[in-house]
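Q: One structure, pasted below without further comment.
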Amino acid sequence: MGISNEYHFNWINDTIEPLKAEILTSLPDQPVVLGLSEQQANPFVQNLLSERGFQYQAIDRYAQTDDVLPIDLNDLSPLASLELADMACCFRASYFIEDKKAFLQQVSKVLKPGAYLCMDFLIGTSDLPTLGFYYGGDKITANYDPNNPSRFLTSFYDDRILENHPSEVAAFCKHARHWPWRTQWEYFQAFSKLFWRDRKRHAQLYPENLKQAMIVAFPEAQLFTLEDFEQHGFELVAFSSRYFYPLVRKFNLYSFVGFRKQS
Ligand SMILES: C[S@@+](CC[C@H](N)C(=O)[O-])C[C@H]1O[C@@H](n2cnc3c(N)ncnc32)[C@H](O)[C@@H]1O
């Protein structure tokens, strides 16, 4: 699942560009940055902070080097002993979060007051125009370690997507109602028995009922809203949503969120 670095981080960098000066002014020299679910500093952090310099710590459940702490997004308690961070990023991995409230409580503890939390969220099952994360009836897993897979569980919805980006949401819903021929052909070949059920699943998906469809597709603990962050003391400073299919041929409506932890 997911999309290429180039499109993804160009979009995030463009979103943050108008705020760059303000963010840099508010950060200390050599800010401490936590990379959640990554093996090295992501292109967003590099773009934002490479001139300033920064201290960096990656955490990832499937750490590939000794520099990366082998920590699961769903248990950040080992980070409590580390120095508090000025920024945390979690890109293209929020779908592995099992319980949004536990995550927000834990990530809040490792951030200083005034720190930034930058994340993205995926709506849609990349290779199939449906909302729930499954293919052919099976929940999707990522096999970074085949003996210990991570499940795709968590998505996002907030009415502010519709308010801010109505055309992106409209294009996404239209795609779910009218699968492109290529998608139909590939899905029929792979899962012919489930084709008609899944083909019809979102035949009535329109922007005005996307919220309800997301509530049906995901349990509450696995459906983030902007309000969840606000209730945990985060102020929204950057927000953008993008329907990526025309660029990457994946059924993705991604949202980027930038929050500041209130003092
Ligand atoms: C699609 S990659 C994204 C990597 C990087 N954040 C980026 O945007 O380029 C997903 C990452 O999440 C990590 N991951 C998967 N499940 C995880 C979990 N439960 N806790 C922490 N990291 C996890 C994987 O090892 C992988 O590095």
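Q: Which of the residues spanning region 35-48 are away from the ligand (no atom under 12 Å from the Cβ) and either buried (at least 22 other Cβ atoms within 10 Å of the Cβ) or touching a residue at least 60 places away in the same chain (Cβ under 8 Å) (or both)?
A: Matches in region 35-48: 48 only.
Q: Still on this structure, I have one more. Being polar (S, T, N, Q) and free of Cβ contacts under 8 Å to residues at least 60 places away in the same chain narrows it down to one of 154, 130, 141, so name that one.
A: After ruling out the rest, the residue left standing is 141.
Q: Can I ask one more? Note down all Cβ pairs under 9 Å where the first residue falls in region 62-79 and is at negative phi and touching a residue at least 24 places away in the same chain (Cβ under 8 Å), the second is among the aromatic types (Phe, Trp, Tyr) and near the ligand (Cβ under 9 Å from one of its atoms), and they're at least six residues apart or on different chains.
A: Pairs that qualify, where the first residue is at negative phi and touching a residue at least 24 places away in the same chain (Cβ under 8 Å) and the partner is among the aromatic types (Phe, Trp, Tyr) and near the ligand (Cβ under 9 Å from one of its atoms), are 62/144; 68/62; 73/96; 74/96.
Q: Now a separate question. Mind checking which residues of region 217-263 are surrounded by 15 or more Cβ atoms within 10 Å (Cβ to Cβ), within 14 Å of residue 7 (Cβ to Cβ) and charged (D, E, K, R)?
A: Result: 242, 250.
Q: Sticking with this one: How do the pairs read when you match residues in region 199-215 that are among the hydroxyl-bearing types (Ser, Thr, Tyr) with residues anywhere that are part of a helix (DSSP H, G or I), using Cβ under 6 Å and keeping only pairs 6 or more apart or on different chains?
A: Listed pairs, sorted by first residue: 206/173.
Q: Another one. Counting only residues that are of a type in the set (D, E, K, R) and within 16 Å of the ligand (Cβ to nearest atom), which one in region 89-136 is farthest from the chain's Cα centre (by Cα)?
A: The extreme case among them is 127.
Q: Which ones in region 174-216 are of a type in the set (Ser, Thr, Tyr), within 23 Å of residue 139 (Cβ to Cβ) and surrounded by fewer than 16 Cβ atoms within 10 Å (Cβ to Cβ)?
A: 192 - this is the single residue of region 174-216 that is of a type in the set (Ser, Thr, Tyr), within 23 Å of residue 139 (Cβ to Cβ) and surrounded by fewer than 16 Cβ atoms within 10 Å (Cβ to Cβ).
Q: Follow-up. In a strand (DSSP E or B) and in contact with a Gly (Cβ under 7 Å, 6 or more places away or on another chain): does that describe residue 242?
A: Criteria not met by residue 242.
Q: Related question: Among the residues of region 105-116, is any within 30 Å of residue 45 (Cα to Cα), among the aromatic types (Phe, Trp, Tyr), at pLDDT 95 or above and not in a loop (DSSP other than H, G, I, E, B)?
A: Checked region 105-116: at least one residue is within 30 Å of residue 45 (Cα to Cα), among the aromatic types (Phe, Trp, Tyr), at pLDDT 95 or above and not in a loop (DSSP other than H, G, I, E, B).
Q: Something else now. Where residues in region 49-74 are hydrophobic (A, V, I, L, M, F, W, C) and within 19 Å of the chain's Cα centre (by Cα), which of them is farthest from the ligand (Cβ to nearest atom)?
A: 58
The values are calculated or read from the model by the stated rules, or taken from the named source; none is laboratory data. Since the model is a prediction, treat every value here as computed from it, not as a measurement. Counting neighbours? That spans all protein chains shown, and the Cβs are built from the backbone with ideal geometry, glycine included.
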